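Working notes, structure below.
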Amino acid sequence: MRLILMTGKGGVGKTSMAAATGLRCAELGYKTLVLSTDPAHSLADSFDMPLGHEPVKVCENLYGAELDVLQELEQNWGTVKRYITEVLQARGLDAVQAEELAILPGTDEIFGLVRVFRHHHEGSYDVLIIDSAPTGTALRLLSIPDVTGWYMRRLYKPMEKVALYLRPLVEPIFRPIAGFSLPDKALMQIPSEFYEKIEALGSILTDNTVTSVRLVTNPEKMVIKESLRAHAYLSLYNISVDLIIANRIIPPEVNDPYFVYWKENQAIYRQEIIDNFSPLPVKEVPLYSREICGMETLEKLKDFLYPDGEDPSRVYYHNQTFQVRKVEYGFSLELYLPGIPKDQIQLSKSGDELNIRIGNHRRNMVLPQSLATLQTAGAEMKGERLVIRFTENP
């Protein structure tokens, strides 16, 4: 299965690009699903037809769905939710409050990933296109495999062993006092099973022959800046961007004086997009005179975005964001971090983990065995790659 994720700043046209991409893939004979994981869904509006949690046929070979977090939660997390509700009610909350608080923060991103994993595991589709939430939420979604791995290794697994060992001894005393039981083995294993799915999906997301992110941007200063940051952060998580889509370019035939300033600025920012994202390919899409809504307008967008029957499921650009090299002094670890100055990067090593922090994004990278026992011996930026040196004698 080919996995394509459309993301970008809110309002740049991600949904239209996802829908048009799905339409072309279906036309080429690929069984295609366009799945919206954005809490504020607009995919149904784009196709101009009702969609639900389960895939609905849009046209030949094309299906659409909008993730319903509550349904996904009940299907996959119902046992845990009911236990948390029981605990909260025992602490004095009424049923409605307990039910609401049992849905933990961040579960929408987690269940978005679980849904993607399920479709990939079942293999019912040739192409899965994710109409993602705006950039910040999408980055949280894509960083979940890495973050959950840290918590499972450091906190949950040790706690699980202790809890299961102590439960038979403590339960007879605990239940009468607390008003609820301690979690049993079956309940404790559910998070572990979830982590296994998310970990498996993590290897899929970082395989640039399977998964590509496509950044949708507009020729505006703030939007370009956010897109550049997103590109760097995606590289930090070893997720490949293979295409930039610059949307809402004012066509040259528009001569209204009202648009003179906009056209002049767009000329500058269009070149910035090409220069700043090089060597990534850039596709430009014009500002249409009407709303992109319904199959008729999506057909026109599809033909402009992918002319002459172009296959959007191809990988437009192969880029290896993570690389370990054997060098004279030991090993070097190279990370592709475009547009990030060295003074914005903080590094630290603890055991077999390398902590990398850029702004408010952090990755705890589990090091390969060849590096885990070595010491760091400095780092430098070479072009757009961060090179970290590892040696036995720093």
Output the number of residues of the range 21-72 satisfying the condition of being of a type in the set (S, T, N, Q) and assigned to a helix (DSSP H, G or I).
-> 3
Among (1) assigned to a loop (DSSP other than H, G, I, E, B); (2) more than 25 Å from the chain's Cα centre (by Cα), residue 279 falls short only on (2)
Selection count where residues are open to solvent by less than 10 Å² (accessible area, probe 1.4 Å), within 19 Å of residue 57 (Cα to Cα) and not small (Gly, Ala, Ser), scope the range 5-22 = 2
Which residue pairs have Cβ atoms under 6 Å apart, sit 6 or more places apart or on different chains, and have a first residue in the range 286-313 that is at positive phi and touching a residue at least 12 places away in the same chain (Cβ under 8 Å) and a second that is open to solvent by 70 Å² or more (accessible area, probe 1.4 Å) and assigned to a loop (DSSP other than H, G, I, E, B)?
-> 294/48
Kindly establish whether residue 229 is basic (Lys, Arg) and in a strand (DSSP E or B).
-> no
Can you name the residue in the range 367-390 that is at pLDDT below 85 and buried (at least 16 other Cβ atoms within 10 Å of the Cβ) and is also farthest from residue 327 (Cα to Cα) among such residues?
-> 367
Which one of these is loosely packed, with under 12 Cβ neighbours inside 10 Å and not β-branched (Val, Ile, Thr): 349, 302, 326?
-> 326
Only one of these conditions is not met by residue 313: (1) among the small types (Gly, Ala, Ser); (2) under 24 Å from the mean Cα position of the chain (by Cα); (3) over 18 Å from residue 228 (Cα atoms); (4) open to solvent by 40 Å² or more (accessible area, probe 1.4 Å). Which number is it?
-> (4)
Residue by residue through the range 352-366, note down the ones that are under 19 Å from residue 199 (Cβ atoms) and either open to solvent by 40 Å² or more (accessible area, probe 1.4 Å) or over 23 Å from the mean Cα position of the chain (by Cα) (or both).
-> 352, 362, 366
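The values are calculated or read from the model by the stated rules, or taken from the named source; none is laboratory data. Computed from a predicted structure; not experimentally measured. Glycine gets a Cβ as well: all are built from the backbone with ideal geometry, and neighbour counts include every protein chain shown. Please note that ligands, DNA and RNA were not included when accessible areas were found on the heavy atoms of the full protein model with its side chains. Shrake-Rupley method; radii C 1.70, N 1.55, O 1.52, S 1.80 Å.
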